[in-house]
Amino acid sequence: MEDNFISLQNHFLIAMPLLNDFNFARAVVYICAHTRNGAMGVIVNRQISEINLGEVMAQMDINITNEAVSDVPVFLGGPVQPERGFIIHPPFGSWQSTLLIGDNLAVTSSQDILHAMAKGDGPEEFLVILGYVGWEEGQLEEEVANNYWLTTPAVSEILFHTPSEDRWKAAAALIGIDIANISSETGHA
């Protein structure tokens, strides 16, 4: 049997218009890990309007001396473990729990990075995300084959410099697609 597995780690998944599930409609997912056994990613374009990083740090009793982080937005990364936090950032610093995802991006899930950020010693560019999305073995591959998702290599410009409400269209534009012109209707010839 031929092995056709292709890892989508360090890629964006861009929800097709036909994907109207509440959790994933118009979502851009950054894939942090993808092996034959499954995948894990975080939605990077769902800003939580009710809370900011200052409030998260206050709940964790982290003293903020760098006021610039107080108003940083927090994103809902997915429906799985929404109490669990992740920081996507360039591979800067040495943190207790960091996964290098590509040459220019890493994800950290340990609190030491938040303490550093509160003092102004953390990475300059970052996204704060609560929760994640997970797929079992073969599930993500099946969803891609069924045209629920477009895929493209991730670009840090979209993560750190594109407004969250524009990331869906911007990610699709990376592969030359104006996603607003794709119909959510499907048919058979």
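Reported count of residues in segment 140-154, each being in contact (Cβ under 8 Å) with a residue 24 or more places away in the chain and either exposed (fewer than 11 other Cβ atoms within 10 Å of the Cβ) or assigned to a loop (DSSP other than H, G, I, E, B) (or both), is 3.
Scanning segment 99-143 for residues that are of a type in the set (S, T, N, Q) and either closer than 14 Å to TYR30 by Cα or within 15 Å of the chain's Cα centre (by Cα) (or both) gives ASN104, THR108, SER109.
Scanning segment 2-24 for residues that are surrounded by 15 or more Cβ atoms within 10 Å (Cβ to Cβ) and among the aliphatic types (A, V, I, L, M), we see that the one that is nearest to LEU100 (Cα to Cα) is LEU8.
Scanning segment 18-77 for residues that are of a type in the set (Val, Ile, Thr) and either over 27 Å from ILE6 (Cβ atoms) or touching a Lys or Arg at 6+ places or on another chain (Cβ under 6 Å) (or both) returns VAL28, ILE48, ILE51, VAL56, ILE62, ILE64, THR65, VAL69, VAL72, VAL74. Quick check on GLY176: is it under 14 Å from the mean Cα position of the chain (by Cα) and on the phi > 0 side of the Ramachandran plot? Answer is no for this residue. Of the residues in segment 30-41, how many are closer than 17 Å to GLY138 by Cα and surrounded by 14 or more Cβ atoms within 10 Å (Cβ to Cβ)? Selection size over segment 30-41: 8. Among the residues of segment 83-98, those identified as outside any loop (DSSP other than H, G, I, E, B) and more than 15 Å from VAL44 (Cβ to Cβ) are GLU83, ARG84, THR98. The criterion of being at pLDDT below 95, under 24 Å from PHE75 (Cα atoms) and β-branched (Val, Ile, Thr) does not hold for ILE158. For segment 126-139, the candidate set comprises residues that are within 18 Å of MET57 (Cβ to Cβ) and either among the β-branched types (Val, Ile, Thr) or out of contact with any Leu (no Cβ under 8 Å at 6 or more places or on another chain) (or both); within that set, the residue that is surrounded by the fewest Cβ atoms within 10 Å (Cβ to Cβ) is PHE126. Only residues that are surrounded by 10 or more Cβ atoms within 10 Å (Cβ to Cβ), more than 14 Å from LEU130 (Cβ to Cβ) and not β-branched (Val, Ile, Thr) were counted in segment 48-70, giving 6.
Selection over segment 71-82 of residues that are part of a strand (DSSP E or B) and either buried (at least 16 other Cβ atoms within 10 Å of the Cβ) or in contact with a helix residue (DSSP H, G or I) (Cβ under 6 Å, 6 or more places away or on another chain) (or both) gives a count of 3. Listed by position, the strands (runs of 3 or more DSSP E) enclosed by segment 1-67 that each have at least 3 residues that are of a type in the set (A, V, I, L, M, F, W, C) and touching a residue at least 24 places away in the same chain (Cβ under 8 Å) are 11-15, 28-35, 38-43.
The values are calculated or read from the model by the stated rules, or taken from the named source; none is laboratory data. Quick caveat, the model's predicted, so the values are computed rather than measured. Don't worry about glycine lacking a Cβ; one is built from the backbone with ideal geometry, like all the others, and counts go over all protein chains shown.
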